[in-house]
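Written out below as structure tokens is the structure these notes cover.
The values are calculated or read from the model by the stated rules, or taken from the named source; none is laboratory data. Note that this is a predicted model, so its numbers are computed, not measured. When we count neighbours, we look across all protein chains shown, and the Cβ atoms used for this are built from the backbone with ideal geometry, even at glycine. With ligands, DNA and RNA removed, areas are computed over all heavy atoms of the protein, side chains included. Shrake-Rupley method; radii C 1.70, N 1.55, O 1.52, S 1.80 Å.
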Amino acid sequence: MRALPVGDAALLVEVSSGDEAQALHAELVRRRAEGSLSVREIVPAARTVLLDGLTDPARLAAELTAAEVPPAPPRAREVIELPVRYDGPDLADVAAHWGVSPEEVARIHAGTEFTVAFCGFAPGFGYLTGLPARYDVPRRATPRTAVPAGSVALAGPYTGVYPRSSPGGWQLIGTTDAVLWDHARVPAALLSPGTRVRFVGAV
């Protein structure tokens, strides 16, 4: 673990894996909830956690790098179910990459419980982990200029849902009508780090 200063009141903590980043994020959120950590923002990413609004970042950096972070505890919160039609234009390519039928891709994907590791790219976009490493897929060689909102997609170890139309190079395997981002909703984002997610096949 390495803690790097960011300005006068923030730290960027680097770890070696996504699992460690999720565990560190969970531990820091726990400490903030119990009152032993005063911090304004805790923002996880693929292998980092950013802490902003610290009063003594140097002291916390020394503490974190000397400590062992416990594994992330099981999530007690309820699972969010997202209805999905497995009708994406890249479904056949993903099936060929996995060495299975398109129907089997849908079965495997819908049979997996995912966790939102972190959010980014666009408001409401969560990077979901849960598929075994053998199902990693490469990004498209040529990104699309416009991916439709609600597209369920794969790239590397992640599943994601495009909350709005945007360019993108992920492999599109399905479509959902779920609203991932609604500024009139509290919170606006349906998915947040740590959220458990299941995709439910729809006709």
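So which residues in the stretch 24-46 are at pLDDT 90 or above, among the basic types (Lys, Arg) and open to solvent by 60 Å² or more (accessible area, probe 1.4 Å)? Once the filter is applied, which keeps residues that are at pLDDT 90 or above, among the basic types (Lys, Arg) and open to solvent by 60 Å² or more (accessible area, probe 1.4 Å), the stretch 24-46 yields 32, 40. Only one of the listed residues (45, 21) is touching a Ser or Thr at 6+ places or on another chain (Cβ under 7 Å) and aliphatic (A, V, I, L, M). That residue is 21. Of all residues in the stretch 168-203, those being within 15 Å of residue 149 (Cα to Cα) and not charged (D, E, K, R) number 15. Taking the criterion of being in contact with an Asp or Glu (Cβ under 8 Å, 6 or more places away or on another chain) and charged (D, E, K, R), the residues of the stretch 13-45 that qualify are 40, 41. Has the stretch 52-61 got any residue that is within 28 Å of residue 6 (Cβ to Cβ), loosely packed, with under 15 Cβ neighbours inside 10 Å and among the polar types (S, T, N, Q)? Taking every residue of the stretch 52-61 in turn, at least one turns out to be within 28 Å of residue 6 (Cβ to Cβ), loosely packed, with under 15 Cβ neighbours inside 10 Å and among the polar types (S, T, N, Q). For the stretch 106-137, taking the residues that are touching a residue at least 40 places away in the same chain (Cβ under 8 Å) and in a helix (DSSP H, G or I), the one that is surrounded by the most Cβ atoms within 10 Å (Cβ to Cβ) is identified as 109. For the stretch 157-178, residues that are part of a loop (DSSP other than H, G, I, E, B) and farther than 25 Å from residue 22 by Cβ total 3. Among the residues of the stretch 65-83, is any in contact (Cβ under 8 Å) with a residue 12 or more places away in the chain, assigned to a strand (DSSP E or B), over 24 Å from residue 8 (Cα atoms) and open to solvent by 70 Å² or more (accessible area, probe 1.4 Å)? Checked the stretch 65-83: at least one residue is in contact (Cβ under 8 Å) with a residue 12 or more places away in the chain, assigned to a strand (DSSP E or B), over 24 Å from residue 8 (Cα atoms) and open to solvent by 70 Å² or more (accessible area, probe 1.4 Å). Residue under question is residue 150, and the condition is that it be in contact (Cβ under 8 Å) with a residue 12 or more places away in the chain, touching a Leu at 6+ places or on another chain (Cβ under 9 Å), buried (at least 21 other Cβ atoms within 10 Å of the Cβ) and within 15 Å of residue 86 (Cα to Cα); does it hold? So residue 150 fails the test. From the list 105, 100, 147, 186, the one residue that fits, being touching a Phe, Trp or Tyr at 6+ places or on another chain (Cβ under 7 Å) and either over 27 Å from residue 47 (Cα atoms) or polar (S, T, N, Q) (or both), is 105.
For the stretch 156-185, the tally of residues that are crowded, with 18+ Cβ neighbours inside 10 Å, of a type outside the set (A, V, I, L, M, F, W, C) and within 15 Å of the chain's Cα centre (by Cα) stands at 6. One residue stands out in the stretch 10-23 among those that are of a type in the set (Gly, Ala, Ser) and open to solvent by less than 40 Å² (accessible area, probe 1.4 Å): the one that is modelled with the highest pLDDT, namely 10. For first residues located in the stretch 36-56 and assigned to a strand (DSSP E or B), partners that are among the hydroxyl-bearing types (Ser, Thr, Tyr) and lie 6+ apart or on another chain with Cβ distances below 7 Å do not occur.
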